[in-house]
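Let me begin by presenting the structure, written as C-alpha cells, before commenting on it.
A short reminder: the numbers here are calculations on the coordinates, not readings from a lab. Because the structure is a prediction, the values reported are computed rather than measured. No Cβ is skipped: glycine too gets one built from the backbone with ideal geometry, and neighbour counts run over all protein chains shown.
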Amino acid sequence: MDVGKLRNFLRICDVKAPRDQPNALAAGVACPAPPIPPPPVSSIRDPTSIMWRWAIPIAICHLLALAAFAPWFFSWSGVVVALLGFYVFGVLGINVGFHRLLTHRGFSCLKWLEHSLAILGVCSLQGSPVFWVAAHRRHHHHADERPDPHSPSVNFLWAHIGWLLVESGVFAPLGWKFQYAKDLLHDPFYARLERSCVWIALGSWLGFFVVGIATGFLIGGSGLQVLQFGASLLLWGGIVRTVAVWHITWSVNSVTHLWGYRNYESEENSRNNVFIGILAAGEGWHNNHHADQRSAKHGHLWWEFDGTYLTIRLLATIGLVNGIVMPNSRLAAARVR
Ligand SMILES: [Zn+2]
Ligand SMILES: [Zn+2]
C-alpha cells in the first residue's frame, strides 16, 4: 500500500474551533460542512500506522468477492442466499440491532432478542457491538469535527474506508469504548463478544459451506459438484454479502455526509440521499437521523422508504418489540421548506 497516497488522502483543512452543542438544530440557518483537521500526519509517514490487521482481511475479502463472479463459483442459489443474507445480517443485524437498538435505543425488546440481533450483526464482520456502538456514538457526538472517526470533511475515501485502514489516533485515548458504550460493557454477553466476534462471523461463513456441501450430497451431485456448490454458497452467502453490506454501511458514513438534500438544518453536514436511503433500507435518510437520533423511524416524509423501520413495526405487530421511539412532534416545525 502506498503510504504517500494515503498521506495525500488525508491532506487538508484548517483547524476549526469545536462546537459546544454538536447535534443541536440551528434555528433555520444553513450550516455548511466545516473542515476538520486531518489525523496526525506524523503517524501516517510511518508504514506501521497502517492497520494491517484490518487492511489485509479487508483486501482478501474484496479479492474473494471478485472471484465469486468466476463461472466456477457462480450460482443463482448463491445469489439468492446473498440477498437473503443481506436482509438477515445487514438489515436485521446492523440496522435494527447494532444501530437503532444498541446505539440509540429506539425501541425495547427482551434480552434474548437483543442478543440474537447482536449476533446477526456480528456475522456482518463490522467489529464487535461495543466497537460499532462506541464509534457511532462518537460520530454523533462530534459529527464532522476532528474526533469524528469517519468524517468526509477529510475526504470521501477517508470516510468510506480510510479510517479503517490507517491508525489516525482518533481511537487512541484509553477507555474510549468505555466512554461511549459502557452500558454494553456492563453486560457480560457483550464483554465476551469483544474476544469472540471474529470467530463467530467466520463460523457463520463456514456454515454456508457446510449447508452447500450437505445440499449437494442430498441432490446427488458428484464430489466435484458438491465442492463447487459449497464453495459457491460460501463465497456468495458469506463473503460477497459481507463486502456488499460493508460498502453500504460505509456509504452511510461517506455519501450521506456529502450528497443529498436536507430536511433539517442540523449543525453537521448530514444529508438524505435517495440512492443510499433505498439501498440501505432507510439508513440513508441520514439528515433526518442526525436531527432526531433516538427515533426508530428515519424516513420522515411519506415517500422516504424505511425498510428497517417497517421491520421494527413488523416485530412490534407480532409482540416482540415495544416502546418504539417516533420522530419528535416538534421537529416538523424545524423542517426546511
Ligand atoms: Zn452521520
Ligand atoms: Zn446513528
Handout entry: FRET efficiency estimate (nearest 0.05) - Cβ-Cβ, TRP302 to VAL88, R0 41 angstrom
Key = 0.90
Handout entry: Amide H partners (placed H, <5 Å) of VAL166, local residues excluded
Key = MET51
Practice task
Once you have the Kirkwood Rh of the chain from its Cα pairs, apply Stokes-Einstein at 10 °C and 1.306 mPa s and quote D in µm²/s.
Solution key: 76 µm²/s
Practice task
Using the Kyte-Doolittle scale, find the helices of the chain whose mean hydropathy is at least -1.0 and whose Cα atoms extend 24 Å or more along the helix's long axis, counting only whole DSSP H runs.
Solution key: 188-218
Completion exercise
Least to most buried among PHE156, PHE131, by other C-beta atoms within 10 Å and fewest first, runs PHE156, PHE131
Problem - Linear extension gain, THR317 paired with LEU227, 0.36 nm per residue minus alpha-carbon span - result: 28.2 nm
Exercise for the section: Give me the distance in nm between label points sitting 7 Å out from Cα along the Cα-to-Cβ direction at PHE156 and LEU66, one decimal. Expected result: 2.0 nm
Exercise for the section: For an R0 of 25 angstrom, estimate the FRET efficiency from the Cβ-Cβ distance between TRP259 and ALA55 and round to the nearest 0.05. Expected result: 0.40
Problem - Relative contact order (%) - the chain, alpha-carbon pairs under 8 angstrom, separation at least six - result: 24 percent
Exercise for the section: Calculate, for VAL336 and ARG105, the FRET efficiency according to 1/(1 + (r/R0)^6) with r their C-beta to C-beta distance and R0 41 Å; round to the nearest 0.05. Expected result: 0.90
Problem - Gap separating the Cα centres of segment 260-329 and segment 67-106, nearest whole Å - result: 19 Å
Exercise for the section: Give the order of LYS297, LYS111 when sorted by the count of other beta carbons within 10 angstrom, beginning with the fewest. Expected result: LYS111, LYS297
Practice task
Express in nm, to one decimal, how much length is gained between ILE200 and SER77 on full extension, taking 0.36 nm for each residue of separation and deducting their alpha carbon distance.
Solution key: 41.9 nm
Practice task
Return SER116, SER254 ranked ascending by Cβ neighbour count within 10 Å, so the fewest neighbours appear first.
Solution key: SER116, SER254
